[in-house]
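These notes are about the structure you will find just below.
Every read-out reported here was derived from the displayed coordinates using simple, explicitly stated rules and does not represent laboratory data. Since the structure is predicted, the reported quantities are computational estimates derived from the model, not experimental observations. Please note: Cβ atoms are built from the backbone with ideal geometry, for glycine as well, and neighbour counts cover all protein chains shown.
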Amino acid sequence: MFTTPVLLAWIGSTLLLAQPAAGPSGHWEGTLQVPGQELKIEIDLASTAGKWQGTITIPAQNMKGFPLSAVTVQGDKASFGMNGIPGNPQFNGTVSKDGKSLSGEFTQGGGTMTFAVVRTGDARIEPPPKSTPITKDLEGSWEGSLDVNGTTLRLLLKLSNRPEGGATGTLVSLDQGAGEAPVAAVVQTGSHVKVLIPVIAGAFEGDLKDGQLAGTWTQGPGTLPLVFKRPASR
């Protein structure tokens, strides 16, 4: 007589077994509580070859895909920072037992706030745009200044081509005593140039014309006109 194999009889029960939580890996959406307001945030965390990486998006501050630093995961605990942002922002959170939420404390400049996000899918970490080679008339040093509420901030931008291909560079804010901020990508299309500096959540986009770079500087939620010129000979 034919009988049903024992293995088949257990299939229904097997499907009901609890699945292990995925840890902090994934795309998370929620809010960050700051004094006087609630900021919507998106956090992406993923592990590749045993190394964790991540990005954060804060729409209200015009910040998209900002790379997280020092991403550390231990069990259900996750911590990460935002290198280059004033006040040393740091997140320390715990994944819920069901793996659906991540919440904890956010510290910046001595203040402590809370954040809470829920998992909505897989991580969406996009690599930065690939730098293109730049023309000879774009290489070298450029000086410009920003008018920030009546305060002038002088900037020094240095661009060069790498031997292995593509361009690179640095940006220094001369009046803020800061070090060189590395340029992540330089994209030139004809006379149009885009310079991305995610370590300070900044970007310059403009056009090369008549020996100068005229365009706009974007950092966080702010956008200001910016013109770079060649340094005056000394």
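The length gained on full extension between Asp122 and Asn62, counted as 0.36 nm times the residue separation minus their Cα-Cα distance, comes to 19.3 nm. Kirkwood analysis of the Cα pair distances in the range 32-178 returns a hydrodynamic radius of 18.1 Å.
To the nearest 0.05, how large is the calculated FRET efficiency for Thr107 and Val227 if R₀ is 45 Å and r is the Cβ-Cβ distance?
On the way: r = 37 Å, r/R0 = 0.83.
Result of the calculation: an efficiency of 0.75.
Annotation: the residues Thr132, Thr114, Thr55, sorted from fewest to most other C-beta atoms within 10 Å of their own C-beta, follow the order Thr114, Thr132, Thr55.
So, R0 is 30 Å and r is the distance between the beta-carbons of Lys51 and Leu153; what FRET efficiency does that work out to, to 0.05?
Working: r = 35 Å, r/R0 = 1.18.
In this case the efficiency is close to 0.25.
Each Lys and Arg Cβ is given +1 and each Asp and Glu Cβ -1; about its Cα centre, the chain then shows a dipole of about 280 debye.
Between Gln33 and Asp98, the FRET efficiency estimated from the beta carbon spacing at R0 = 30 angstrom works out to 0.85. For the chain, a Gaussian network of Cα nodes joined below 10 Å ranks Thr135, Thr152, Thr94 by mean-square fluctuation, and the top entry is Thr152. Arranged from fewest to most other beta-carbon atoms within 10 Å of their beta carbon, Thr151, Thr57 become Thr151, Thr57.
If you take the Cα Rg of the range 136-229 and divide it by 2.2 N^0.38 Å, with N the number of residues, what do you get?
1.02
Computed about its Cα centre, the charge dipole of the range 27-134 is approximately 180 debye, with only Lys, Arg, Asp and Glu carrying charge at their Cβ.
Number of Lys-Lys pairs in the chain with C-alpha atoms under 17 Å apart and a separation of 8 or more places or on different chains: 16.
Using a Gaussian network model of the chain in which every pair of alpha carbons under 10 angstrom is joined by a spring, one finds that among Ala214, Ala49, Ala78 the greatest mean-square fluctuation is at Ala49.
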